[in-house]
Amino acid sequence: MTTEDLLNKASQPATQDTSRPPHVNAQDYARMYAESVNDPDAFWAREGKRIDWIKPFQTVKNTSFAPGNVDIRWFEDGTLNVSANCIDRHLETRGDQTAIIWEPDDPNKEAALHITYKDLHTSVCKMANVLTDLGVSKGDRVVIYLPMIPEAAYAMLACARIGAIHSIVFAGFSPDALGARINGCDAKVVITADYAPRGGRETPLKSNTDTALLHCKDSVKCLVVKRTGSQTTWTDRDHDCNALMASASDDFAPAAMGAEDPLFILYTSGSTGQPKGVVHSSGGYLVYAAMTHEIVFDYHQGDVFWCTADVGWVTGHSYIVYGPLANGATTIMFEGVPTFPDAGRFWEVCAKHKVNQFYTAPTAIRALMGAGPEWVEKHDLSDLRVLGSVGEPINPEAWNWYNEVVGKGNCPIVDTFWQTETGGHMLTPLPGATQLKPGAAQQPFFGVQPVVLEPTSGEVIEGNGVEGVLCIKDSWPGQMRTVWQDHERFEKTYFGDYKGYYFSGDGCRRDEDGDYWITGRVDDVINVSGHRMGTAEVESALVAHAKVAESAVVGYPHDVKGQGIYAYVTLMNGEEPSDELRKELEVWVRTEIGPIAKPDLIQWAPGLPKTRSGKIMRRILRKIAEDDFSALGDTSTLADPSVVDDLINNRMNRS
Ligand code: WTA
């Protein structure tokens, strides 16, 4: 799109609060976007100065998407420390300001905590000393498996201070998944807690960790935070975090890290095989997280920002911890769930802490919409200014409810499209700059050059009113750098299908105005309640069960979750299908991966539709799961076309 098109289009901004103009208005957007793609060196040289550098960078962008030579470097000769940027540089100006408001799972049992930047400094230094004493140094990996408690942020920032690389494992993952990640990145230490309270229930994190560690090297140490104080087992490898922090020094000099040194690894699901360790950098990532946080949410000094995600996902990394803290914000860390103790919890927290920007997932909005507007209306939400959505396309009904019932028609909704791999927002409206369209992610953020490709030929589709797969033409600073110790997999996964482009895995439409609409994944990744799940992972968990011969997993539309998990299961010869076995398999997958991977529907499949070469025809399975078998397409190439009739007759998702 030309600058002129952008200016025309942007002539009707969504909101103009004259008492507090947005950081970026429509004209700024057009001008800045044009510069960001026409002269990225000048643009990012300026934006790179948002953060403090120990040694300033001279080189800005040095990136290549060339086949066989994908290499991404930003600010490569600069050095910095991420924790110093998130803490130390704020001490003089806002040491006594609240950095983190911690909101516990059960508000009737515990009070919120207000942690100032000074407090944060003390705790992070102490934790860094504790980790150092356990043998952690620059470049070592530390796995974090914690509830949503302040120690999770301390641990992340302590690693960053030392220059160690953290890898957070969502507390809902099973011991097996945890063990695989500890081994995958060869972690020296795993940090966990006794229990994780959530929605009034407690997950035994410490005993999960013990189980995981049975499959890990003896040398891995376990640092245990006391959360509930309930009883746990204790072994020789365990260290008491609370006791060690109490006696540790509150001073720790931040290490000078190269801009390209990894800040963290985060495992995420792909279309094939086991989860990949997505590696993010220190410099480019932080610049991008900080900038998107400030501009996309139109964050102003003194605002209270709440992202409801868990730090186990990338959203929590970028928009609970790194982005907000780099900007000296007050960020909320919420331990609970939207519906506990009741369906008004989100709104009660918004009112209590006078939240200005609220960021959540469509699945939560749909669940709360179902509970009724009265839960929202009970609470004073007059401080809300910007609402955000992330994780999956938001349906217009949920968008309207969010806009009218929560935002009272006064709060722009930023529908932010991005991925674990992208580090920060890629396509999003900007408050005060974009004329909003319910359900559209709309415009590229600065430096992001989206292209729509024809899926089969890979040709670029120009013009508006078109649809295809979403790729990105050039690098942006928040981009992942590699897959942990597998650069070849990185190249193959993201640059293998469409040479010279980063392939998102999503389909998209560019409408007549040039706005982007994400149409969902085009690969075998499903999005369950905004959480990414590879169908291959669920399949391999199912076939690991002794009674299962084969399985195929697909997504299907689900009213609240967005997508549900639909599993076709072929049993071993001689095994009989039964409701008990179905339950057993559900529990099995929960234990193998975690509750988020539990199939919603399991269909017994005497056979799966396969081509003569043995490839499962997933397209057919997806259609049957969607309860739409009118257009199954050509089934004549199947080895045994009759299996399709059986699957249709016994389908589980009948409307
Ligand atoms: C989907 C989450 C539509 C998309 C930050 C993407 C979205 C995957 C949106 C990444 C959105 C995320 N509209 N779809 N606003 N945001 N997605 O890695 O399919 O957990 O590829 O990162 O979520 O999920 P991930």
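Values in this text are rule-based calculations from the coordinates and carry no lab data. The structure displayed is predicted, hence computed values, not measured ones. Ideal geometry is used to build each Cβ from the backbone, glycine not excepted, and the neighbour counts take in all protein chains shown.
A compact table of results
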| item | result |
| --- | --- |
| Binned Cα-Cα distance frequencies in the stretch 540-591 - 10 Å width, integer % | 24, 52, 22, 3 |
| Cα point-scatterer Debye curve for the stretch 529-650, base-10 log of I(q)/I(0) at q = 0.09, 0.13 Å⁻¹ | -0.23, -0.50 |
| Mean separation of Cα contacts under 8 Å, 6 or more apart, over the residue count of the stretch 529-650: relative contact order % | 23 |
| Filter on Lys49/Lys276; Lys109/Lys226; Lys276/Lys492 - keep pairs with C-alpha separation over 21 Å | Lys49/Lys276 |
| Residue (of Asn653, Ile593, Thr637) at the positive-pole extreme of the stretch 581-655, dipole from beta-carbon charges | Ile593 |
| Share antiparallel - DSSP beta bridges, the stretch 529-650, percent rounded to 5 | 75 |
| Fewest-first ranking of Cys159, Cys471, using other Cβ atoms within 10 Å as the exposure measure | Cys471, Cys159 |
| Charge sum, other residues only, whose C-beta stays under 14 Å from Thr611's C-beta, Lys/Arg counted +1 and Asp/Glu -1 | +3 |
| Protection-proxy order for peptides 616-622, 308-314, each taking the mean of Cβ atoms within 10 Å per residue, highest first | 308-314, 616-622 |
| Hydrodynamic radius by Kirkwood, which averages 1/r over all alpha carbon pairs of the chain, in angstrom | 25.5 |
| Charge tally in the Cβ shell below 15 Å around Lys221, where Lys, Arg are +1 and Asp, Glu are -1, Lys221 excluded | -3 |
| For the stretch 529-650, size of Cβ-based charge dipole, Lys and Arg +1, Asp and Glu -1, in debye | 480 |
| Per-pair calculated FRET efficiency, R0 = 30 Å: Ser613 and Asp71 via Cβ, rounded to 0.05 | 0.25 |
| Cα-based radius of gyration of the stretch 229-319 once divided by 2.2 N^0.38 Å, which approximates compact folds | 1.49 |
| FRET E, pair His114, Arg654, Förster distance 56 Å, beta-carbon r, rounded to 0.05 | 0.60 |
| Whole-number percent relative contact order across the chain, with pairs defined as alpha carbons under 8 Å at least 6 apart | 13 |
| Cβ-based charge dipole, the chain, positive-most Cα from Gly172, His239, Leu157 | His239 |
| C-alpha center-to-center spacing [the stretch 393-410, the stretch 96-122] in angstrom | 30 |
| Per-bin percent of Cα-Cα distances, the stretch 338-480 [10 Å] | 11, 36, 31, 15, 6, 0 |
| Share antiparallel - DSSP beta bridges, the chain, percent rounded to 5 | 60 |
| Under 11 Å, Cβ to Cβ, from Ala111 - net charge with Lys/Arg +1 and Asp/Glu -1 | -1 |
| For peptides 165-174, 624-633, sequence by mean Cβ density within 10 Å, most packed first | 165-174, 624-633 |
| Quotient of Cα Rg and 2.2 N^0.38 Å for the stretch 65-133, N being how many residues it contains | 1.68 |
| FRET efficiency for Thr637 and Glu397, using Cβ-Cβ distance with R0 set to 56 Å, rounded to 0.05 | 0.90 |
| Residues Glu462, Glu550 arranged by fewest to most Cβ contacts within 10 Å | Glu462, Glu550 |
| Whole-angstrom gap from the stretch 520-581 to the stretch 255-284, using each part's C-alpha centre | 28 |
| Distance in nm between pseudo-label sites at Glu377 and Glu580 (7 Å out along the Cβ direction from Cα) | 5.1 |
| Order by protection proxy (mean Cβ within 10 Å, highest first), peptides 339-346, 648-655 | 339-346, 648-655 |
| Dipole of the chain, positive direction: furthest Cα of Met148, Pro450, Pro254, with charges on the beta-carbon | Pro254 |
| Sum of -39500 (n - 2.57) over DSSP H runs of 4+, divided by residues of the chain (222 nm, nearest 500) | -8000 deg cm²/dmol |
| Cα centre as origin, Lys/Arg/Asp/Glu Cβ charges: the chain dipole, Debye | 640 |
| Proxy reagent accessibility, fewest Cβ within 10 Å first, across His379, His531, His293, His558 | His379, His558, His531, His293 |
